[in-house]
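Here is the structure we will look at.
Every number here is computed from the coordinates shown, using simple stated rules; none is lab data. Quantities reported herein were computed from a predicted structural model and do not represent experimental measurements. Here Cβ is always computed from backbone atoms with ideal geometry, including for glycine, and neighbour counts include all displayed protein chains.
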Ligand code: GLN
Ligand code: ZN
């Protein structure tokens, strides 16, 4: 039986972020709408032809977007946020909803399942659903004109409603309103010649899937009655589905993830849960990581799957939106490059497998197989570790440590501090870029950093904060910075992936065993400390966050990769301690967002996170104070893990989530130091003293005064110098008054 190949989504960004540049220059008024559409059409065309050239049998259409595919779906069905209603529905409205205008705030952005992509949340309040310009049909016809074998992609109604908010209607009512509109769009695509339509229902892999079964069945029964059953492929990704249920839906076939399903999709198929007459769109090539596939294992998987279906199509496990476009522009060591695979290389892997299976043509397959094997055996992947020699418990329990630390640090009550970064001004970024591109010497750059550190130490003295920071001026990004300086990490040149809208991130690639080779942050921190009698906090990124925001290795267990990073961070912690640094903060803002999609896997994840954080931070002396920071305060189910991290102080964001803190702290006695974010750093607005006082007093109701710290919500790198100075002065002045009042009470 022959197989086919398909793709289910391609990166929008372009090889060199042309998409981003086109959109941003339109926003800035540097190009007009015609120029924007011409550039974007060219890029879309290039993407389509590129995929065709990789011999892909069916290329997706509808994945390409001017901003976000969820927002596209909202506009298609006229789900327009109330404050934007009345405007003509066009691409400018789309940008307004996504970015906000002078008059109206933007719609919310939320993480797309467990990825680092963010979608625009549809808003139903007083929405008037109807069919707007059928952009999907236009794009499909565009592909047809180019002779690209294509299939349309649309976000399914159950997922769309699940991802939206607002409106008085029930879930069912919303779905019911949308069904005739979906039907019209789907029918238009079939009429235009679509052989099949990929209807994405990623909610089917989540914990919610169970309670959505009735409505899901209702939706697909409706489409069946409309005569569309044999045209629809329900596409899922990122986890496994309940195949027994999914298989019972009246559609042509299903797209299942065979990479991130923890083996459960395959197991269900082996257990006979898939009807043989259903088409299986098997996601066998990892769509969200950058590794070359174990091509032989993929061949075996295909051969096994062939037994269970009459129609097998192989494809990536998810949209390739989550990986960079191509390795072609990178200049990498060949021993490493062989092990990597970006979007186009993944298409090539699919093609190699198809040629082998259908024609017995093993040329490309053999080559990929040899590369894969060479990469696995590289020495840089097979280093030795002695995990057992590193402590995962502090020497003493917190109360004893606190005594020693208090005696050493001599801080006033309600100590004040910041989260680490100070403004990354244009000048700071320019100097860094100049240095990276060898336009200025190491000496000139280091002198600049020193001057900036010294200036900000003086500012902190003037404001009269208690625990200082050096300001992080040398860092581009809290993960990339460490990635560039640890062995086993690779920072690519063009490895961008879309985070939201035109924003892209370039996650480091963990290609080998991770080792600390030399101090990373000691010079700047020790220099800052030499300028003041106040303690200067060392500032590191924790192992869980580094792993979550990198392309992680998958050839060894996740815990092992995370522990290798933890050992490296531990070395840096000890190096800082050796250099006389008394307070060290290890940031873990990604700890919670890394939680697996399904609850059943949370415990294991949290256990691993806990172990790695403690591996990274427990070796210090009692007198060294360990801080951690997280950009949220709704700890919910993870509150016990947070507590067990055993950090002497945790600083958290609270100003935007007022009541949340109180609730989570009700069911646990939090008996470690805790710093409350008392103002929102995301806004340029200067907080009033009264607001800060209210925030502190609210926290003091839940948390013991002797454990209480005061700080902003997060790092200050996005603010300007005046805003930072003003806001921190207000903060310090509020704290000073509270100290005075307390002094009077106890006197
Ligand atoms: N130390 C980092 C900073 O201040 C923390 C950033 C974060 O929490 N995302 O920028
Ligand atoms: Zn933060």
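At a glance:
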| item | result |
| --- | --- |
| Tail weight of P(r) past 17 Å, computed on alpha-carbon pairs of region 383-478, percent | 67 |
| Normalised per residue, the volume of the convex hull around the Cα set of region 271-371 (Å³) | 100 |
| P(r), alpha carbons of region 510-642 - 5 Å bins starting at zero, rounded % | 2, 10, 20, 22, 18, 14, 9, 4, 1, 0, 0 |
| Dimensionless Rg ratio for region 123-197, taking C-alpha atoms and the 2.2 N^0.38 Å reference | 1.25 |
| Overall Cα dimensions of region 197-250, principal axis frame, Å, largest first | 30, 20, 15 |
| Rounded to whole Å, sorted largest first: equivalent-ellipsoid semi-axes of region 477-516, Cα gyration tensor | 22, 10, 7 |
| Tilt relative to the chain, helix 18-27 - C-alpha long axis, 0 to 90 degrees, to 10 | 70 |
| Kirkwood hydrodynamic radius (C-alpha pairs) into Stokes-Einstein, region 1-159, 10 °C and 1.306 mPa s, D in µm²/s | 94 |
| For region 584-656, projected area of the alpha-carbon convex hull averaged over all directions, nm² | 4.9 |
| Region 31-99 versus region 488-562: alpha-carbon centroid distance in Å | 34 |
| Packing-based order for 72-80, 409-417, 617-625, using average beta carbon neighbours within 10 Å, highest first | 72-80, 617-625, 409-417 |
| Rg(Cα)/(2.2 N^0.38 Å) for the chain, N = residue count | 1.00 |
| Cα-Cα pairs of region 146-234 separated by more than 21 Å (percent) | 31 |
| P(r) histogram, all alpha-carbon pairs of region 333-385 included - 10 Å bins from 0, percent | 23, 45, 24, 7, 1 |
| log₁₀ of I(q)/I(0) at q = 0.11, 0.27 Å⁻¹ - region 233-313, Debye sum with one point per alpha carbon | -0.25, -1.54 |
| DSSP-defined antiparallel bridges as percent of all bridges, the chain, nearest 5 | 15 |
| Stokes-Einstein diffusion coefficient of region 549-610, Kirkwood radius over Cα pairs, 4 °C, 1.567 mPa s, in µm²/s | 96 |
| Region 660-747 shape via C-alpha gyration tensor axes, a/c threshold 1.5 | oblate |
| Region 83-128: C-alpha gyration tensor shape, a/c 1.5 cut-off, then a/b vs b/c | prolate |
| Between helix 213-225 and the chain: long-axis angle, C-alpha atoms, 0 to 90°, nearest 10 | 30 |
| Nearest-ten-degree value, helix 442-463 long axis tilted from longest Cα axis of the chain | 60 |
| Value of D in µm² per second that Stokes-Einstein yields for region 611-652, Kirkwood Rh from Cα pairs, at 4 °C (1.567 mPa s) | 117 |
| Gyration tensor verdict on region 299-420 (Cα atoms; rounded if a/c is under 1.5, prolate if a/b is larger than b/c, oblate otherwise) | prolate |
| Principal semi-axes in Å for region 74-181 [√(5λ), Cα gyration tensor, largest first] | 24, 18, 16 |
